[in-house]
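The values are calculated or read from the model by the stated rules, or taken from the named source; none is laboratory data. Computed from a prediction, not measured in an experiment: that's the story for all the values here. Methodologically, a virtual Cβ is constructed for each residue, glycine included, from the backbone with ideal geometry; neighbour enumeration extends over all protein chains shown. These accessible areas exclude ligands, DNA and RNA; they are computed on the full protein's heavy atoms, side chains included. Shrake-Rupley method; radii C 1.70, N 1.55, O 1.52, S 1.80 Å.
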Amino acid sequence: MSVPVTSDPRAKRLLIVGGVAGGASAAARARRLSEHSEIILFERGPHVSFANCGLPYFVGGEIAQAGSLLLQTPQSLQARFHIDVRVRTEVVRIDRAARQVSARDLSNGRDYAEPYDALILSTGAAPLKPPIPGIERAGHFTVRTIPDVEHIIGWLRDGPGNCAVVVGGGYIGLEMTEQLKRRGLSVSLVEALPQVMAPLDREMAAWLQQELRAQGVALHLNDPVAAFEAPRDKESARASVVVLRSGARLPADVVVLGLGVRPEVGLAKDAGLRIGERGGIRVNEFLQTSDPDIWAIGDAIEVRDAITGDWNVIPLAGPANKQGRIAADNVFGRPSQYAGTLGTAILRLFSLTAACTGASERALRRSGLPFLAVHLHPTSHAGYYPGAEPIALKILFAPDTGRVLGAQAVGKDGVDKRIDVLATAIKAGLSVHDLAELELAYAPPYGSAKDPVNLAGMAAQNALNGDVRLVQWSELEHLDPERTLLLDVRTDAERQHGFIPNSIHIPLDQLRARLGELPKDREVVVSCQSGQRSYFAARILTQHGFAVRNLTGSYRTWSTARTG
Ligand code: FAD
């Protein structure tokens, strides 16, 4: 139903392609800004504004009803926002010269034209399906839409089998792994890279790998799929046998493909809009494409990485929703800029939560930006109050100004709020000195008088001030034993549970009395369990004239990175 365009000179005919995260958000904002505009939202699929982020939890049964995933319906968008929603309608062409699109009604194949004053593209990103032999076999599924997950559930219900293979260890693959286990399947997770969850640095992803194994997931890292084959004589697999490069053959009653996504840019490309090197639609800071009457948002576009300044594709719901609002503002003449994406993300994996914001060490190295990193293992709340859980926390910061560049955290409790505080700090351009000073809410069940974020700031300050020099877990194996002595200052009991090879052991509380056992002609690299007592030791040794470095994150980071 079309809304009569009144004499309001600002009223426009706005067409939006893609009716989920970015598109629905743009449409709703547009209506709030312009009551008299005509707004048409095209969606190829059967649903608008559905919770794609909730799809894995529907497979596992945590979300019981598909209806719970529908945040809006065409009817509710029409009723509240007066938006003309056309589901099962694909926009197949943009005629920029005539300023009109061709839309195809998928229920009858009929094409028709709709003119526009302004056009917003929020076409999203499609799951990758690389040309691996056998990838199109029955029983293989990607996860993007409600029908996708209904097909998975139907396949599991309608046939025998309890073996799943998930291909891809990104967040969709990990969430699906957790949820398929929850359904009682035995799950193998296959990842081509040496680690899961690529936005995390290796030693942080290692915690997730430990958790996967502890939960009984068969983890195949660094071992890409070579082919999906039909089962041989003695193999039982309802879908495929997944053959890995190593030669391993994994029988699968169901295969979930979580191999990443690619911006859906076909429509934009055919219309001659500029596509960037990362494969997304290139937009300016106002989210305007190379055609000033066309805006683009969400997973389909390239964004500036807010830390490195590099163009990137970062498919996340938060940015898509915010960009929807910004694009609508600009369409209706309210200049509004998108400042870039931090990539703040969070994942639950069985008992663990992992989250990150800003740049990873890997991204900083790739961009050639100088940085320092500290690792620490504070508890989620005051250690004396029951239920405190350790958090593995890493922050990256500029070696000159101390500006916070990135943060990653993994733990059972309190990870989300630390990463959100750190994401806010990065957005505000705060430094590690500011982190040390942040006044955060504290009572024993919630935090500590020195919150993990404060402690991270202090640990970083210590490095910046020159109070302590740091060594990273990854550097340890490259140290020259002729010139370096490894010193473990933990207790006897802790050491019995494992230690760094070739380290000598002097518990911290005996250190002052045993300084004579240490050489002054070699650098002493001190470690403890988490890096805090070794920092105390480093301060003692430095003030007694030793050359010292502290293993940041100490045994916990080092051992997890090596075994996870
Ligand atoms: P989408 O929401 O994908 O919408 C694009 C829509 O455009 C699609 O429905 C498509 O059918 C339609 N379309 C495309 N081309 C046309 C055309 N020519 N004509 C008509 N319609 C068209 N992000 C997070 O931040 N946190 C999470 O926990 C999280 N979990 C996720 C879990 C899953 C399983 C998936 C799939 C995604 C998840 N995401 C998550 C990512 C998040 O959903 C996306 O970043 C977000 O939906 C992007 O919004 P968008 O509007 O760009 O694209």
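Tell me, please, whether a residue that is touching a helix residue (DSSP H, G or I) at 6+ places or on another chain (Cβ under 7 Å) and within 15 Å of the ligand (Cβ to nearest atom) can be found in segment 247-256.
yes
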When segment 303-321 is checked residue by residue, the ones that are surrounded by fewer than 24 Cβ atoms within 10 Å (Cβ to Cβ) and more than 11 Å from the ligand (Cβ to nearest atom) are Arg304, Asp305, Ala306, Thr308, Gly309, Asp310, Trp311, Asn312
Expected output for segment 346-365 (first residue closer than 28 Å to Asp310 by Cβ and without any contact (Cβ under 8 Å) to a residue 60 or more places away in the chain, partner in a strand (DSSP E or B) and hydrophobic (A, V, I, L, M, F, W, C), Cβ below 6 Å, 6+ apart or cross-chain) is Ala359/Leu405
Residue set Gly447, Gly411; condition surrounded by 19 or more Cβ atoms within 10 Å (Cβ to Cβ) and within 21 Å of the chain's Cα centre (by Cα); output residue Gly411
Those residues of segment 38-59 which are more than 15 Å from Gln78 (Cβ to Cβ) and either among the acidic types (Asp, Glu) or in a loop (DSSP other than H, G, I, E, B) (or both) amount to Arg44, Gly45, Pro46, Ala51
Arg144: passes all of (1) away from the ligand (no atom under 11 Å from the Cβ); (2) in contact with a Gly (Cβ under 9 Å, 6 or more places away or on another chain); (3) open to solvent by 50 Å² or more (accessible area, probe 1.4 Å) but (1)
Checked pairs for segment 235-263, first free of Cβ contacts under 8 Å to residues at least 12 places away in the same chain, second of a type in the set (Gly, Ala, Ser), C-beta under 9 Å and 6 or more apart or across chains, list as Gly247/Ala226
From the option list Glu62, Glu35, Glu90, single residue qualifying as modelled with pLDDT of 95 or more and in a strand (DSSP E or B) is Glu90
Those residues of segment 342-352 which are surrounded by 22 or more Cβ atoms within 10 Å (Cβ to Cβ) and more than 12 Å from Leu174 (Cα to Cα) amount to Leu342, Gly343, Thr344
Residue hits (segment 477-513; over 11 Å from Val526 (Cα atoms), out of contact with any Asp or Glu (no Cβ under 9 Å at 6 or more places or on another chain) and surrounded by 15 or more Cβ atoms within 10 Å (Cβ to Cβ)) are Leu511
### Message
Among the residues in segment 124-132, are any over 22 Å from Ile172 (Cβ atoms) and assigned to a loop (DSSP other than H, G, I, E, B)?
### Response
no
Only unsatisfied item for Ala138, checking (1) part of a strand (DSSP E or B); (2) away from the ligand (no atom under 16 Å from the Cβ), is (1)
Over segment 160-181, the set of residues away from the ligand (no atom under 15 Å from the Cβ), within 22 Å of the chain's Cα centre (by Cα) and surrounded by fewer than 24 Cβ atoms within 10 Å (Cβ to Cβ) is Lys181
Any chance Gln529 is out of contact with any strand residue (DSSP E or B) (no Cβ under 8 Å at 6 or more places or on another chain), touching a residue at least 24 places away in the same chain (Cβ under 8 Å) and within 22 Å of Val374 (Cβ to Cβ): yes
Check: For segment 230-240, does any single residue satisfy the condition of being of a type in the set (Asp, Glu), open to solvent by 30 Å² or more (accessible area, probe 1.4 Å), within 30 Å of Ser25 (Cβ to Cβ) and assigned to a loop (DSSP other than H, G, I, E, B)?
Finding: no
Pairs returned, first residue in segment 496-522 that is at positive phi, second residue that is of a type in the set (Gly, Ala, Ser), beta-carbon separation under 8 angstrom, 6 or more apart or interchain, are Gly498/Ser559
The one condition Gly516 fails out of (1) surrounded by 18 or more Cβ atoms within 10 Å (Cβ to Cβ); (2) over 23 Å from Ser559 (Cβ atoms) is (1)
All conditions in (1) more than 9 Å from the ligand (Cβ to nearest atom); (2) assigned to a helix (DSSP H, G or I); (3) closer than 23 Å to Val149 by Cα are true of Arg29 except (3)
Listed by first then second residue, the pairs whose first member lies in segment 34-54 and is in contact (Cβ under 8 Å) with a residue 40 or more places away in the chain, whose partner is among the hydroxyl-bearing types (Ser, Thr, Tyr), with beta carbons under 6 Å and at least 6 positions apart or on separate chains, are Glu38/Ser2; Phe42/Thr89; Gly45/Thr145
Check: Hey, does segment 119-134 have a residue that's open to solvent by 20 Å² or more (accessible area, probe 1.4 Å), modelled with pLDDT under 95, within 12 Å of the ligand (Cβ to nearest atom) and not polar (S, T, N, Q)?
Finding: no
Per the list (1) farther than 30 Å from Leu212 by Cα; (2) under 17 Å from the mean Cα position of the chain (by Cα), residue check on Phe350 breaks on (1)
Counting only residues that are more than 16 Å from the ligand (Cβ to nearest atom) and over 29 Å from Arg182 (Cα atoms), segment 346-376 contains a total of 18
Note on segment 65-87: residues open to solvent by 60 Å² or more (accessible area, probe 1.4 Å) and either within 14 Å of the ligand (Cβ to nearest atom) or in a strand (DSSP E or B) (or both) are Leu71
